[in-house]
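The values are calculated or read from the model by the stated rules, or taken from the named source; none is laboratory data. Predicted model, so just to flag it, every value in this text is computed and none were measured. Backbone-built Cβ (ideal geometry, glycine too); neighbour counts: all protein chains shown. When the accessible area is computed, the model is the full protein with side chains, heavy atoms only, and any ligands, DNA or RNA have been set aside. Shrake-Rupley method; radii C 1.70, N 1.55, O 1.52, S 1.80 Å.
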Amino acid sequence: QFEVDLYLKESACQTPLDWQYREEIQKLEKAGGRKNCRIFTYTDHDRFTNLEELCQKVTDLDHEVPSYLVERMANVRRRRQDRRPVEASSLKSKIITWEPSEEFIKNNHVINTPVQTMYIMGDLGPYGKLGKREYENVLCTIKVDGNGVITVKPDFTGTKGPYRIELDGDKREVWEYTIENASVQVQPEEEEREQRVFRDLYGRHKDYLSGLVGTDFEMPLPGTLRLFVNGEIVSAQGYEYDNLYVHFFLELPNQWSSSPFQQLSGVTQICATKTVGWDSVAYFCYPFTLEMFYTQEDEGVFPYSLPQWPVLYFEVLSLDFWQRYRVEGYGSLVLPASPGVHMLTIPTWRPVDLGTVAEMRRFFIGGSPELEDLTYIRIPSTFKGKRLSRFGFRTETTGSVTFRLYCLQQSKAFLENSALRQRMQSVLDRLGGFSQQSSVYNVLEAFQRARRRMQEARESLPQDLISPSASAV
């Protein structure tokens with residue numbers, strides 16, 4: 001009704017679309033007026049569309065203050081832009097525009113995705129007061145972009161129940177409405193034709209991706225696992241001195257190997273600490289990449305042994321203004337056996353000497369007891385005995401280092417059928433040839449089944465047979 005009253009006045013008609021609306025309204029008036037006075041629409045080029053987009057808020061805060069970017073972008077409408085192609089000659093001559101105009105900024109700062117919008121409105125005013133702007137409410141928004149994607153907000157009702165609109169006023173009226181898809185059902189012939197078009201499109205896209213990957217895609221040999229780790233030393237926190245750096249290296253156990261060009265060690269940059277809460281934190285954000293291969297041994301070799309996983313050893317050191325360095329802590333990290341993203345915080349320790357002389361030496365001239373072999377952090381690589389004693393080795397707990405690891409695994413064993421894959425617990429089980437692991441799991445499963453049967457048998461027996469005191473009486 002607002003538009004009917006507006007466009008009946010010749011002074012309000014400014015654009016050709018306004019005059020077209022005026023003619024249609026005059027025809028409606030001659031035919032007896034509008035039949036439905038509650039439901040109407042605002043289309044893409046109506047004045048309401050501009051006002052609605054201009055008044056939209058980013059949050060639901062009542063006293064929201066628009067930011068500088070919101071104010072600058074308020075007058076830029078993405079769907080009204082007509083981007084003209086830039087010729088090659090002008091592109092070469094003008095790589096940088098030193099004095100861009102406001103229209104140039106509008107056309108180049110916003111993503112140019114043409115979108116057409118229609119608002120389905122509802123006049124929820126009381127009878128006798130229809131056509132007033134304060135009673136208009138948006139029931140549904142339909143948008144169609146240049147890619148042919150139709151967005152309906154809110155979604156079709158379905159089984160969720162009707163949508164509710166509660167009006168502010170004395171009566172507190174509540175309106176309920178549903179949104180249904182009334183489109184004509186697609187015929188089977190048209191649906192089949194559409195499916196053929198989709199299959200052709202997906203096939204061409206698959207060929208395109210295959211062309212990007214190429215035919216020389218590496219696949220590990222049967223019984224071989226390829227482990228690829230994109231790691232990051234995120235931070236170190238809780239240490240005594242400032243200007244920290246981390247030295248690390250990777251130890252490959254038996255049956256593991258890497259390419260000759262793979263670097264298995266590294267040193268981070270020296271990083272100053274900042275106070276976060278109660279700790280001094282040094283943010284390294286140092287990336288590293290590790291690639292290694294696991295080759296399965298012959299199954300018939302006895303005795304069987306579970307495969308070991310690569311270990312990342314590291315030490316945290318500090319360097320002061322006089323170029324004196326101190327060992328702040330040692331730590332080790334076993335690479336995760338499951339693929340995915342892993343955030344790990346590893347605590348560290350350092351060896352100490354008793355007495356104040358050692359601490360004064362550490363403070364004034366730097367230096368401290370160090371490990372000659374970093375593998376002593378866990379089990380030394382040269383140790384061949386059965387028991388490793390650390391009696392008398394004095395240490396002190398220091399800070400911790402945070403790692404972020406992105407692990408990828410590749411093996412032909414992953415292509416097994418789904419029935420076997422459901423029983424796989426980790427990558428050690430997925431290699432498929434470990435008889436020792438399958439036997440261990442079989443024994444554990446048999447033990448669990450026997451234990452359950454024993455518990456069921458005990459529950460079914462009378463209490464006087466189970467209790468020795470009852471039988472004695």
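Pairing each residue of region 252-280 that is in contact (Cβ under 8 Å) with a residue 60 or more places away in the chain with any residue that is surrounded by 12 or more Cβ atoms within 10 Å (Cβ to Cβ) and part of a strand (DSSP E or B), provided the two are 6+ apart or on different chains, yields C-beta distances under 8 Å for 279/237; 279/399. Looking only at residues of region 197-220 that are assigned to a loop (DSSP other than H, G, I, E, B) and not aliphatic (A, V, I, L, M), we find that the one that is nearest to residue 413 (Cα to Cα) is 220. Contact annotation: residue pairs with Cβ atoms under 8 Å, 6 or more positions apart or on different chains, pairing a residue in region 220-247 that is on the phi > 0 side of the Ramachandran plot with a partner that is of a type in the set (S, T, N, Q), are 223/295; 223/296; 238/280; 238/398; 238/400; 243/273; 243/318. Criterion applied to 12, 88 was being modelled with pLDDT under 75 and outside the structural domain of residue 120 (by the TED database), and the one residue passing it is 88.
Where residues in region 375-417 are assigned to a loop (DSSP other than H, G, I, E, B) and touching a residue at least 40 places away in the same chain (Cβ under 8 Å), which of them is most open to solvent (accessible area, probe 1.4 Å)?
394
If the condition is being under 15 Å from residue 284 (Cβ atoms) and of a type in the set (A, V, I, L, M, F, W, C), then region 310-332 contributes 312, 314, 316, 317, 319.
Any chance region 276-287 includes a residue that's modelled with pLDDT under 90 and surrounded by fewer than 10 Cβ atoms within 10 Å (Cβ to Cβ)? Scanning region 276-287 turns up at least one residue that is modelled with pLDDT under 90 and surrounded by fewer than 10 Cβ atoms within 10 Å (Cβ to Cβ).
Considering region 124-147, the residues that are modelled with pLDDT of 85 or more and open to solvent by less than 30 Å² (accessible area, probe 1.4 Å) include one that is nearest to the chain's Cα centre (by Cα), namely 141.
Conditions (1) part of a strand (DSSP E or B); (2) open to solvent by less than 50 Å² (accessible area, probe 1.4 Å); (3) not assigned by the TED database to the domain that holds residue 251, marked per residue:
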| position | (1), (2), (3) |
| --- | --- |
| 313 | yes, yes, no |
| 323 | no, no, no |
| 330 | yes, yes, no |
| 341 | yes, no, no |
| 347 | yes, no, no |
| 350 | yes, yes, no |
| 353 | no, no, no |
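Every residue in region 221-270 that is assigned to a strand (DSSP E or B), open to solvent by less than 40 Å² (accessible area, probe 1.4 Å) and closer than 13 Å to residue 310 by Cβ, please. Correct list: 225, 227, 229, 231, 248, 250, 256. For region 112-123, the candidate set comprises residues that are in contact with a strand residue (DSSP E or B) (Cβ under 6 Å, 6 or more places away or on another chain) and open to solvent by 60 Å² or more (accessible area, probe 1.4 Å); within that set, the residue that is modelled with the highest pLDDT is 118.
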